[in-house]
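Peer 1: Sharing a structure with you now.
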Amino acid sequence: MTADVNKDRLWNSLMTLAEIGGTAKGGVRRIALSDEDKRARDLFCDWARDAGCDIRVDSIGNIFARRPGRSPDAAPIATGSHIDSQPAGGKFDGAFGVMAGLEVVRALNDAGIETEAPIEIVDWTDEEGARFAAGCIGSGVFSGHRDLDKALALSDSDGVTVAKALEDIGYAGPEPAGSSRFGAYFEAHIEQGPILEAKGLPVGAVLGAQGQRCFVMTVEGVDGHAGTLPMAKRQDSFVGTAKMTVALSELASTYDPPAVITVGHVRVMPNSRNTIPGKTIFTIDSRHPDAATLERMEADMTRICQEIADASGLTLGVEAVTRAEPIVFDENCVEAVREACRKRQIRFMDIHSGAGHDACKVASVAPAGMIFVPCVDGISHNEFEDARPEDLAIGTQVLLDSMLAYAS
Ligand code: GLV
Ligand code: MN
Ligand code: MN
């Protein structure tokens with residue numbers, strides 16, 4: 001039993017989807033639960049229905065598109081990713097995984113294959129974490145890593161909550177989040193790094209992903225007049241934040257090389273040219289493959305920021321928004337990906353993920369694995385993110401064959 005994916009159809013779907021929120025530089029701005037996200041969700045649902053899928057939406061807005069199998073009671077073999085993007089993101093991060101799932105269903109239809117277990121494509125809500133500071137919201141709630149009510153109460157910088165944003169776009173669904181289960185889950189994604197391209201390999205069988213800890217830091221000083229308050233008397237929250245940012249960046253290089261620390265989002269208040277900023281809120285994203293090192297990094301980061309706050313007459317609030325442990329994917333799922341490559345004589349390597357993914361959350365409630373394909377120059381979270389149609393098709397073929405091994 002076999003089915004072949006259609007490279008051009010996959011590419012055309014990706015390019016059509018990329019028109020929603022498309023930017024002048026050729027990237028995508030499709031912030032989670034925005035109007036662009038809604039239009040992309042609608043299009044995905046239309047395409048999935050046309051391909052014979054039934055659509056369900058859960059209470060955190062995850063979309064499940066199911067292609068029925070012979071055994072309606074069998075747990076579905078699922079795939080998916082996210083169609084939200086970074087504020088200045090690319091066409092492939094996340095979108096590829098959802099469109100690859102759609103191509104799997106379309107190719108199975110073409111080949112007239114009926115699987116035993118249903119096949120399910122998932123679009124997970126807000127993987128990127130660009131809007132509500134916390135990533136993997138949908139897959140996090142689905143897998144029990146996040147509490148539903150707390151996730152719904154998260155708010156963006158305008159005070160709009162996840163619950164309100166879901167209602168506004170019509171994707172607050174009736175299915176209780178986490179009430180359905182998968183027989184297995186495979187996610188296709190661009191690598192977002194340079195390794196596969198450098199080795200000239202079209203596929204990576206992903207072994208696992210590094211852990212991640214993210215924080216929202218609130219630095220408070222005192223607002224003041226930019227013209228009248230002498231420098232020595234100031235309690236400038238943004239100057240404190242700048243010192244913390246430099247210290248955190250320097251701290252990162254004191255651990256083993258994969259350690260990374262990023263200050264990516266800063267809100268300065270009142271954000272006025274001639275007022276000394278009394279309050280600044282910023283995010284920290286820290287990552288390492290080793291849990292003990294992550295723990296040490298958290299302690300060091302908090303201590304260093306507190307020392308700077310104390311020395312500058314500032315107060316510091318620390319809120320942990322993500323504590324994700326390093327992930328090891330299911331050995332049988334990883335082997336299914338390798339075997340799918342061997343059977344079609346596709347060259348591959350085992351690889352670790354530097355980025356976080358929805359599969360990392362799902363891995364705790366279902367056997368999970370991932371398939372990486374190369375992206376040009378390893379560039380991602382950037383409007384110039386690019387990938388080759390051939391590589392995307394090969395990765396999707398491996399996805400289809402891996403899923404079929406489980407579903408038939
Ligand atoms: C996902 O984009 C991540 O932050 O790794
Ligand atoms: Mn992604
Ligand atoms: Mn991303």
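Peer 1: For D58, are the conditions met, namely being of a type in the set (D, E) and either within 25 Å of E114 (Cα to Cα) or open to solvent by 30 Å² or more (accessible area, probe 1.4 Å) (or both)?
Peer 2: In short, no.
Peer 1: Restricting the first residue to the range 6-27 and requiring it to be open to solvent by less than 50 Å² (accessible area, probe 1.4 Å), which pairs with a second residue that is of a type in the set (S, T, Y) meet a Cβ separation below 9 Å and a spacing of at least six or different chains?
Peer 2: Close Cβ pairs (under 9 Å, with a partner that is of a type in the set (S, T, Y)) amount to L10/T396; G21/S34; G21/S85; G27/S85.
Peer 1: While we're on this one: Can you tell which of G378, G395 is on the phi > 0 side of the Ramachandran plot and of a type in the set (G, A, S)?
Peer 2: G378
Peer 1: Quick one: D401 ticks every box in (1) buried (at least 18 other Cβ atoms within 10 Å of the Cβ); (2) in a strand (DSSP E or B) except a single one, so which number is it?
Peer 2: Every listed condition holds for D401 apart from (2).
Peer 1: Okay, moving on. If A366 meets every condition in (1) at pLDDT 95 or above; (2) within 15 Å of ligand 2 (Cβ to nearest atom) apart from one, which number is that one?
Peer 2: So the condition that A366 fails would be (2).
Peer 1: Within the group T254, T302, T262, T293, which residue is closer than 17 Å to L314 by Cα and assigned by TED's automatic domain parsing to the domain that holds L314?
Peer 2: Going through T254, T302, T262, T293 in turn, just one is closer than 17 Å to L314 by Cα and assigned by TED's automatic domain parsing to the domain that holds L314: T302.
Peer 1: Moving on. Would you mind stating whether V337 is assigned by TED's automatic domain parsing to the domain that holds G129, farther than 25 Å from A291 by Cα and open to solvent by less than 20 Å² (accessible area, probe 1.4 Å)?
Peer 2: yes
Peer 1: Scan the range 347-387 for residues that are within 12 Å of ligand 1 (Cβ to nearest atom), open to solvent by 50 Å² or more (accessible area, probe 1.4 Å) and charged (D, E, K, R) and report the count.
Peer 2: 0
Peer 1: List the number of the failed condition for Q192; all other conditions in (1) in the same structural domain as V365 (by TED's automatic domain parsing); (2) more than 16 Å from ligand 2 (Cβ to nearest atom); (3) part of a loop (DSSP other than H, G, I, E, B) hold.
Peer 2: All conditions pass for Q192, except number (2).
Peer 1: Exactly one of (1) assigned to a loop (DSSP other than H, G, I, E, B); (2) out of contact with any Pro (no Cβ under 8 Å at 6 or more places or on another chain) is unmet by R56. Its number?
Peer 2: Unmet for R56, out of (1) assigned to a loop (DSSP other than H, G, I, E, B); (2) out of contact with any Pro (no Cβ under 8 Å at 6 or more places or on another chain): (1).
Peer 1: Limited to the range 30-85, what total is found for residues that are at pLDDT below 95 and under 12 Å from Y171 (Cα atoms)?
Peer 2: Result for the range 30-85: 0.
Peer 1: Among the residues of the range 83-97, write down those that are open to solvent by less than 40 Å² (accessible area, probe 1.4 Å) and either away from ligand 1 (no atom under 16 Å from the Cβ) or free of Cβ contacts under 8 Å to residues at least 60 places away in the same chain (or both).
Peer 2: Scanning the range 83-97 gives a single hit, D84.
Peer 1: Only residues that are open to solvent by less than 10 Å² (accessible area, probe 1.4 Å) and in a loop (DSSP other than H, G, I, E, B): list them for the range 34-53, please.
Peer 2: Passing the criteria: only C53.
Peer 1: Being in a strand (DSSP E or B) and closer than 22 Å to R323 by Cα is the filter here, so list the residues in the range 266-294 that pass it.
Peer 2: If the condition is that a residue be in a strand (DSSP E or B) and closer than 22 Å to R323 by Cα, then V266, I281, F282, T283, I284, D285, S286, R287, H288 are the ones that fit.
Peer 1: Identify all residues within the range 144-177 that are open to solvent by 20 Å² or more (accessible area, probe 1.4 Å) and small (G, A, S); write none if there are none.
Peer 2: G144, A153, S155, S157, G159, A163, G170, A172, A177
Peer 1: Inspect the range 224-241 for any residue being open to solvent by 20 Å² or more (accessible area, probe 1.4 Å), without any contact (Cβ under 8 Å) to a residue 12 or more places away in the chain and part of a loop (DSSP other than H, G, I, E, B) and give the result as yes or no.
Peer 2: Looking for residues that are open to solvent by 20 Å² or more (accessible area, probe 1.4 Å), without any contact (Cβ under 8 Å) to a residue 12 or more places away in the chain and part of a loop (DSSP other than H, G, I, E, B), one finds at least one in the range 224-241, hence yes.
Peer 1: Return the residue satisfying two criteria in turn: it lies in the range 262-279 and is in contact with an Asp or Glu (Cβ under 8 Å, 6 or more places away or on another chain) and not aliphatic (A, V, I, L, M), and of such residues it is least open to solvent (accessible area, probe 1.4 Å).
Peer 2: The residue in question is G278.
Peer 1: Could you check how many residues of the range 98-127 are open to solvent by 10 Å² or more (accessible area, probe 1.4 Å) and within 16 Å of ligand 1 (Cβ to nearest atom)?
Peer 2: Residues meeting the conditions: 1.
Peer 1: Report whether or not A130 is open to solvent by 10 Å² or more (accessible area, probe 1.4 Å), within 16 Å of ligand 2 (Cβ to nearest atom), modelled with pLDDT under 95 and closer than 20 Å to L166 by Cα.
Peer 2: yes
Peer 1: Condition first: within 30 Å of F215 (Cβ to Cβ), within 14 Å of ligand 1 (Cβ to nearest atom) and either out of contact with any Ser or Thr (no Cβ under 6 Å at 6 or more places or on another chain) or open to solvent by 10 Å² or more (accessible area, probe 1.4 Å) (or both). Can you find one or more residues in the range 74-82 that meet it?
Peer 2: So far as the range 74-82 goes, yes, one or more of its residues are within 30 Å of F215 (Cβ to Cβ), within 14 Å of ligand 1 (Cβ to nearest atom) and either out of contact with any Ser or Thr (no Cβ under 6 Å at 6 or more places or on another chain) or open to solvent by 10 Å² or more (accessible area, probe 1.4 Å) (or both).
The values are calculated or read from the model by the stated rules, or taken from the named source; none is laboratory data. Nothing here was measured: the structure is a model prediction, and the numbers come from that model. Here Cβ is always computed from backbone atoms with ideal geometry, including for glycine, and neighbour counts include all displayed protein chains. To get the accessible areas, we keep the full protein, side chains included, count just its heavy atoms, and leave off ligands, DNA and RNA. Shrake-Rupley method; radii C 1.70, N 1.55, O 1.52, S 1.80 Å.
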